Amino acid sequence: MSNTCPVMHDMKMLEPTFVSDPYAYCPALLEAPVQYSPELDAYLVTRYADVDAILQDTDQFSSSNTNVPIFPPADAAIDVLKAGDVYLPPNLINADPPRHTFVRRMVADAISPRRIRGLEPFLRQWVENAVDQIAARGHGNIYQEIGFPLPAITAFSLIGFPAEDTELLKSWCDRRVTLTYGRASEDEQVRVAESVAAFWEYTNRFIETRMANPVDDFTSDMVRHHFETPEEFTQRDIASVLFGMSLAAHETTTNLISNGVRRLMENREQWEKLVADPSLIPNAVEECLRYDTPVITWRRRAKQDIEIQGILIPENATIMMMFFSANWDPARFENPEVFDVVRKEARNHLTFGKGVHFCSGAPLARLEMKIVLENLVAKVPNMNIVPGQKFEFTPNIAMRGPNSLLVTV
Ligand code: HEM
């Protein structure tokens, strides 16, 4: 017989108190491994071992709800999306096998190590310039000048979007997460929906240029797959993959850079370790990913009634995998609340997921963060955060990172 599920009344995930410091809730979350959230009508799974198991079990857990808005969007926003013909069929992050297996193979081939190596010189040059500008000025905003633009530029270069359209494309990405993972006002929903529709239309026009003239980029690879299997992988499927990729690659890595640099500044002795020995940077990247995860929770749907830790979760219920508490589970990480750039098991975090949906862009995200830290450590070792600044976070259940990070150098 299953036990009664504890109800989590105290934690309001869309309130500023939660987003400003979700880690304050870790003790209460980790005490009971499954808790029901009336706010979100979802079952929160909090411990490392259970999240790890869910991620690897596609028989009992579906990914169909990963992109579904947590609250029904306003009619006015739906009208904008419909008018723009925006529709995201299950293809990758929101698909289950066998559809997922089919699309994942194409995407994995297209984000090849060769393609990532090809991007590296451009990324290095771009980061060097950005850090040089901050150094020359004596102060800067890491979020605005590096964290937000770098992942966008990287993703757009991978996809193949022309460099001269970067500013336009970036403007369409602002606050996009609020539509799916937050609770935005009707006006904001409409504004974001308009940006999404504009991005969608742009993407479709871009795909047509690549269909007429394929080159060596991610989109052209998708186009080639479409030519091989036009019925199974349509032009709309390509658009949905590009759209999903640009979201998956952007806000996530922005948060990694801002959260990670913030934590290094707040734990000065850890920063000094990197200054003294930059070979520690790859492990520091893993600890940044573990300690302050850019994606705090991610969803699944129960395919049938299932028990987790003695609690019955009903068929079709929403399950929220609490990545942030799983990464702070003392059963998996010793002294998890300590930020330690030489932590041996740092790389075991669940921040990129696990199993068949494991993040396809993990090598690229790691590379971006490594390049940023290498440049900051080498060029502005005395960098510090401006004291007294209040960090603002966009309330939403998935992506978390500060919207500004002021530094002096
Ligand atoms: C720090 C940065 C990033 C984090 C924390 C992150 C996190 C994640 C997570 C947790 C998943 C798994 C979702 C699931 O199991 O349902 C995922 C999937 C994915 N990510 Fe990332 N990601 C990051 C950067 C990137 C980048 C840079 C790219 C692209 C270049 C990317 C592309 C993808 C794609 C395409 C998937 C879907 C994979 C699939 O469903 O098979 N991500 N990411």
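Seen through its C-alpha gyration tensor, with square-root eigenvalues sorted a ≥ b ≥ c, the range 229-367 comes out oblate because a/c lies at 1.5 or above while a/b is not bigger than b/c. Please give the FRET efficiency for D10 paired with E266, using the beta carbon to beta carbon distance and R0 = 25 Å, rounded to the nearest 0.05. According to the calculation, E is roughly 0.45. Accessible surface of D292, taken over heavy atoms with a 1.4 Å probe and every protein chain present, rounds to 0 Å². The fraction of all Cα pairs in the chain landing in successive 20 Å bins from 0 to the largest distance is 26, 60, 14, 0, given as whole percents. Given their separation in residues at 0.36 nm each and the Cα-Cα distance between them, R224 and A135 gain 27.6 nm when the chain is fully extended. In this simple spin-label model, placing a label point 7 Å from the Cα along the Cα-to-Cβ direction at both A28 and V215 gives a separation of 5.3 nm. Label sites at N335 and K303, each approximated as a point 7 angstrom past Cα along Cα to Cβ, lie 4.3 nm apart. Each of the peptides 294-305, 338-349, 129-140 was scored by the mean count of other Cβ atoms within 10 Å over its residues; in descending order, highest first, they stand as 294-305, 338-349, 129-140.
Around the amide H of W298, modelled in the peptide plane, lie the amide H atoms of M321, F323, all under 5 Å away and 5 or more residues distant in sequence or on another chain. Between the listed residues G147, G118, A130, the Cα displaced farthest toward the positive end of the dipole of the range 110-167, a dipole computed from Cβ unit charges relative to the Cα centre, is found at G118.
By the helix-only formula, in which each DSSP H run with n ≥ 4 contributes -39500 (n - 2.57) and the sum is divided by residues, the chain has a 222 nm mean residue ellipticity of -15000 deg cm²/dmol. Counted as membrane-span-like here are DSSP H helices of the chain whose alpha-carbon atoms extend 27 Å or more along the helix's own axis and whose Kyte-Doolittle mean is 0.0 or above; these are 235-266. Close amide H pairs (under 5 Å, H built 1.01 Å from N) link A42 with S37, residues at least 5 positions away or on another chain.
Mind giving me the FRET efficiency for E194 and K344? R0 is 60 Å, r the Cβ-Cβ distance, nearest 0.05 is fine. The computed FRET efficiency comes out at 0.80. Highest mean first, the peptides 117-125, 361-369 sorted by other C-beta atoms within 10 Å per residue fall in the order 361-369, 117-125. Between amide H atoms placed 1.01 Å from N, distances below 5 Å from L312 occur with N3, all of them 5 or more places distant or on a separate chain.
Note down the nm distance, to one decimal, between modelled labels 7 Å out along Cα→Cβ at N3 and at F102. According to this spin-label approximation, the distance is 4.3 nm.
From Cα pairs below 8 angstrom and at least 6 apart in sequence, can you work out the relative contact order of the chain, rounded to a whole percent? Write out the running numbers ahead of the final one.
Numbers: 648 pairs, mean separation 113.8, N = 409.
With pairs under 8 Å counted, the relative contact order is 28 percent.
The values are calculated or read from the model by the stated rules, or taken from the named source; none is laboratory data. In this text, all values refer to a predicted model and were calculated from it rather than measured experimentally. Positions of Cβ are backbone-derived with ideal geometry, glycine not excepted, and every protein chain shown enters the neighbour counts. For accessibility, only protein heavy atoms count, side chains too; no ligands or nucleic acids. Shrake-Rupley method; radii C 1.70, N 1.55, O 1.52, S 1.80 Å.
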